[in-house]
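Readers should treat all values here as calculations from the given coordinates under stated rules, not as data from a laboratory. Treat the numbers as computed from the prediction; the structure is a model and nothing was measured. Heads up, the Cβs are rebuilt from the backbone with ideal geometry, glycines too, and the neighbour counts pull from every protein chain shown.
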Amino acid sequence: MAKVVFEQVSKRYENGFVAVNHLNLDIDDREFLVLVGPSGCGKTTTLRMLAGLEDISAGNILIGNTRVNDVSPKDRDIAMVFQSYALYPHMTVFENMAFSLDLKGIPKAEIRQRVQAAAQQLGIEALLDRKPRQLSGGQRQRVAVGRAIVRNPAVFLMDEPLSNLDAKLRVQARAELSKLHQSLGTTFVYVTHDQVEAMTMGTRIAVMNQGVLQQVDRPERVYEAPQNVFVAGFLGSPSMNFLNATLQEENAALVIKTAGLTLPIPESLQGRYRAAPNPAVIFGIRPESIYHPAYLPPGIEPFAVGATVGVVEPMGHERIVYFTLADGQELVARIDPRAQISSGERLDLLFDLKRFHLFERDSEQVL
Ligand code: ATP
């Protein structure tokens, strides 16, 4: 059992700064949980508290039903892969991977067998006699992972292990780590500020901001149903468009008034938004929910908005189109690459009114 539980965990550093604030998080056995959020949000602090490298100021941490607040790092049955890899430069790859097993007094023959098996799994058998400086970035990353694997821990902790790799290697390493997670069948807790890593690798993702957990769910749920404006804006590239708006009754139906537009609310959502405590809201729509009229997929509920096209970025598989509404508000859309669209052009773009989000303006929570 390698379930991990954070119960009301807080971290206040000596200077009084609260880096993690009342964190409650249950990580299931065998889960690949990704902790994601902007720089400084408290991800690394959370991971270091779980590793035992940082004391916790309040609350409890449990690993496999054991409270580990006062258990030393080496007795926590975890292995951590650091962003810097932290390989010992004077040791060979083999020695780096064998080091922790040596410390535990494991017999030499077993160490050899475990290192060989991990090296084989990671495709680094041919590198075992090299020193870290004789390795590429990608190879070092694998050695760092190998060093964790040989320990056969109940929980793997990884702190931005791919951030030193170039873009192409990162994509490959992402897939390798996901595969590794499946084959090891062990709990992974993975920290990143990269939303693509979070979305593609996590069985669930936990989004943090300013020391506070914002939402935990499967990646597609967090993306499709963000709980607040922060989560909605953090995931997705380009980010979700936001417009200040007001809920209003018009001809016996609730509508959204924003940016000189009157957006009808689908029948199925009328009841939900009528219950809103306050008419001041934020309307959110993702760039991919805005369409060019010539490339409308089936099943959407189009609403035409007058747009003046600004910058157009051809990306190959799509075009990123910046545009302004009649009242001057700037928005961005991801448009079908076949659409003829150029800077300065005026046309109607189409919002899909089945795919918008509404947040309460004061609390920024979803309605
Ligand atoms: P990054 O992605 O940049 O690594 P992070 O989300 O991992 O960021 P943490 O390293 O956990 O963030 O830091 C959270 C906050 O705590 C930051 O504002 C940081 O400046 C602060 N912090 C970290 N270590 C200390 C410390 N020893 N004393 C005081 N404040 C600290």
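Counting Lys +1, Arg +1, Asp -1, Glu -1, what net charge surrounds residue 122 among other residues with beta carbon under 13 Å of its beta carbon?
Numbers: positive: 114, 140, 142, 147, 179; negative: 125, 176.
With Lys, Arg at +1 and Asp, Glu at -1, the net is +3.
Net charge of the neighbourhood of residue 104, taken over other residues with C-beta under 10 Å away and scored Lys/Arg +1, Asp/Glu -1, is +1. Each of 72, 289 has some number of other Cβ atoms within 10 Å of its Cβ, and from fewest to most they run 72, 289.
Between residue 329 and residue 28, the contour length at 0.36 nm per residue exceeds the alpha carbon distance by 104.0 nm. Ordering 59-67, 266-274 by mean Cβ neighbour count within 10 Å, with the highest value first, yields 59-67, 266-274. Beta-bridge orientation, the chain: approximately 75 percent antiparallel, per DSSP, counting only bridges with both partners inside. Between the alpha-carbon centers of region 195-258 and region 7-21, tell me the distance in whole angstrom. About 26 Å separates the Cα centre of region 195-258 from the one of region 7-21.
Determine the calculated [θ] at 222 nm for the chain from helices alone, applying -39500 (n - 2.57) to every DSSP H run no shorter than 4 residues and normalising by the residue count; nearest 500 deg cm²/dmol.
Values: 9 runs with 93 residues, N = 367.
Per the formula, -7500 deg cm²/dmol.
Evaluate the relative contact order of the chain (contact order divided by residue number), counting alpha-carbon pairs under 8 angstrom at least 6 apart; express in whole percent. In percent, rounded to a whole number, it is 15. Under 5 Å from the amide H of residue 32 lie the amide H atoms of 188, 203, 204, each residue being 5 or more positions distant or on a separate chain, with H modelled from the backbone and absent for Pro and chain starts. When restricted to Cα atoms, region 100-191 yields an Rg and a Dmax of 13.3, 40 Å, respectively. Here the alpha carbons of the chain define both size measures, Rg and Dmax, at 24.7, 81 Å. Computed from backbone phi with θ = phi - 60° and the Karplus coefficients 6.51, -1.76 and 1.60, the 3J(HN,Hα) list for region 305-317 is 10, x, 10, 10, 6, x, 6, 10, 10, x, 10, x, 7 Hz; x is used for glycine and proline. Summing +1 for each Lys or Arg and -1 for each Asp or Glu among the other residues whose beta-carbon sits under 12 angstrom from that of residue 170 gives -3. Amide H to amide H, with H built 1.01 Å from N, residue 265 comes under 5 Å of 256, counting only residues 5 or more places away or on other chains. Annotation: amide H of residue 54 within the under-5 Å range of 49, sequence separation 5 or more or interchain, hydrogens built in the peptide plane. Sequence-ordered 3J(HN,Hα) estimates for region 190-199 from the Karplus curve with 6.51, -1.76 and 1.60 and θ = phi - 60° stand at 10, 9, 7, 9, 8, 5, 5, 4, 4, 5 Hz, glycine and proline given as x. Scalar couplings 3J(HN,Hα) for region 347-358, obtained by applying the Karplus form with A = 6.51, B = -1.76, C = 1.60 to θ = phi - 60°, are 7, 8, 9, 10, 7, 8, 7, 8, 10, 10, 10, 10 Hz; x denotes Gly and Pro.
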